[in-house]
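The values are calculated or read from the model by the stated rules, or taken from the named source; none is laboratory data. Just so it is clear, the model here is predicted, and its values are computed rather than measured. As a convention, Cβ positions derive from the backbone with ideal geometry for all residues, glycine included, and neighbour counts pool all protein chains shown.
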Amino acid sequence: MNRPAMRWALGALLLLAAALIGVWRLSARQPEEPRVAVGGGDAGGLPRARPEDQHFDAVALERIVQDGAADALQVLVIMRNGEVVFERYERGITPETMIDSGPFAEVLVALLGGVAAQEGTLSMPVMHGFEPSALRVAIETGTEQRYELYLSRHLWRPVNAAAAWIALPASGAATPADCCFHARVLDWMRIASLLVDGGRFEGKQIVPAAWLQRMTQPSAADEARGFGVELAASARGAEPFAAQGVFFLRGLSRWRLWLVPALKLAVLFGAAAPSASAPATAAPAPTGPASAATSQTWDETRIPNLVIRALSDRPPQPGDATDLRRLVPGH
């Protein structure tokens, strides 16, 4: 074969190889997950303060990340009076990381129920039991808007959160209201601020205060659950919460968002699945009859209690080991 023919044959082989590689890449590429967008606000920074400015013992907060209950820590964010006073991010997580919040998403549709009820567009009686899908349908029917659009306009944008999205089970499927909500880690503190401040965010009433108060009351169907939130009786831990009126969101794995309205306190905690070598945290005395705790269940009350007890201005609680030191100087 002469040289021009050889060059032509080699070029043809190279082109064929490139084409085959391109076809392989296209076939190997996974189809994009079907999703719907939730428009956000300006995503401006949240106010920050030193722990001491909000009456925290800064050393005590630092110790929490070393506690056994914080094994495989990914996130610990503490906010009081609307100001972030402590942040720790590990294992590749940052404040901007988009996380699947899992069951955290239930509180969003619960809050929107209050907005729709105030507008007079929610026709169903919803407080007798919490059913996220039924509530979503009622909101969409009454407002004549898709759920994700109503969520964006009446909750997500008003708290200035960044754009988020909701994964769909299939293309064209109904938008789930009980899972699959993907948002920045730190934007959950905006929702937390609203939850501990009577439905207000940065002074603006987003959700009616009376609705939020009702959300934190036991439901008729389950006294350990409120409306889209877990109540103290639901917590699995070695001791009760160290403050009155605590409620929380239970997410995937060891993700929790604890809310303490009486102290204007919110604690976001996230951890990966426990490592095989790490011993489980003992929880021999579940705090509520509805919990299914065993002696080897991760303790849901320890982290928030350590945070609460790091406060110098909280009211003493019955059985608090620090009561004597507070009341009798020098003891």
A careful count of residues in the range 190-242 that are more than 26 Å from residue 46 (Cβ to Cβ) and touching a His at 6+ places or on another chain (Cβ under 9 Å) gives 3
For the range 127-155, pairs from a residue that is touching a residue at least 40 places away in the same chain (Cβ under 8 Å) and of a type in the set (Phe, Trp, Tyr) to a residue that is crowded, with 22+ Cβ neighbours inside 10 Å and not in a helix (DSSP H, G or I), with Cβ under 6 Å and 6 or more apart or across chains, are 130/227; 130/228
Exactly one of 59, 109, 115, 75 is farther than 18 Å from residue 207 by Cβ, crowded, with 21+ Cβ neighbours inside 10 Å and not aromatic (Phe, Trp, Tyr), and that residue is 75
Per the list (1) modelled with pLDDT under 95; (2) farther than 20 Å from residue 35 by Cβ, residue check on residue 159 breaks on (1)
Item to complete: Check whether at least one residue in the range 78-92 is under 24 Å from residue 225 (Cβ atoms) and surrounded by fewer than 21 Cβ atoms within 10 Å (Cβ to Cβ), and report yes or no.
Response: no
Filtering the range 96-127 for residues that are assigned to a loop (DSSP other than H, G, I, E, B) and closer than 29 Å to residue 268 by Cα leaves a count of 5
Reported set for the range 200-227 where residues are surrounded by fewer than 16 Cβ atoms within 10 Å (Cβ to Cβ) and free of Cβ contacts under 8 Å to residues at least 12 places away in the same chain is 203, 205, 209, 210, 217
Apart from one, (1) at pLDDT below 95; (2) among the aromatic types (Phe, Trp, Tyr); (3) within 30 Å of residue 60 (Cα to Cα) all hold for residue 89; the odd one out is (1)
Across (1) more than 24 Å from residue 217 (Cβ to Cβ); (2) in contact with an Asp or Glu (Cβ under 6 Å, 6 or more places away or on another chain), residue 176 clears everything bar (2)
Okay, strands (runs of 3 or more DSSP E) sitting entirely in the range 225-331 with 3 or more residues that are farther than 22 Å from residue 51 by Cα and modelled with pLDDT of 95 or more, I get 247-250
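Each row is one residue, and each column tells you yes or no for (1) of a type in the set (Val, Ile, Thr); (2) within 16 Å of residue 156 (Cα to Cα).
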site	(1), (2)
166	yes, yes
173	no, no
182	no, yes
188	no, yes
192	no, yes
213	no, no
216	yes, no
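Which residue, of 50, 35, 63, 80, is modelled with pLDDT of 95 or more, basic (Lys, Arg) and closer than 30 Å to residue 143 by Cβ?
Of 50, 35, 63, 80, the one residue that is modelled with pLDDT of 95 or more, basic (Lys, Arg) and closer than 30 Å to residue 143 by Cβ is 35.
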Of the candidates 210, 138, 163, the one satisfying the condition of being in contact with a strand residue (DSSP E or B) (Cβ under 7 Å, 6 or more places away or on another chain) and not polar (S, T, N, Q) is 163
Those strands (runs of 3 or more DSSP E) completely within the range 32-95 that have 2 or more residues that are in contact with a Lys or Arg (Cβ under 7 Å, 6 or more places away or on another chain) are 73-80, 83-89
Exactly one of 138, 163, 174 is surrounded by fewer than 20 Cβ atoms within 10 Å (Cβ to Cβ) and farther than 24 Å from residue 77 by Cα, and that residue is 174
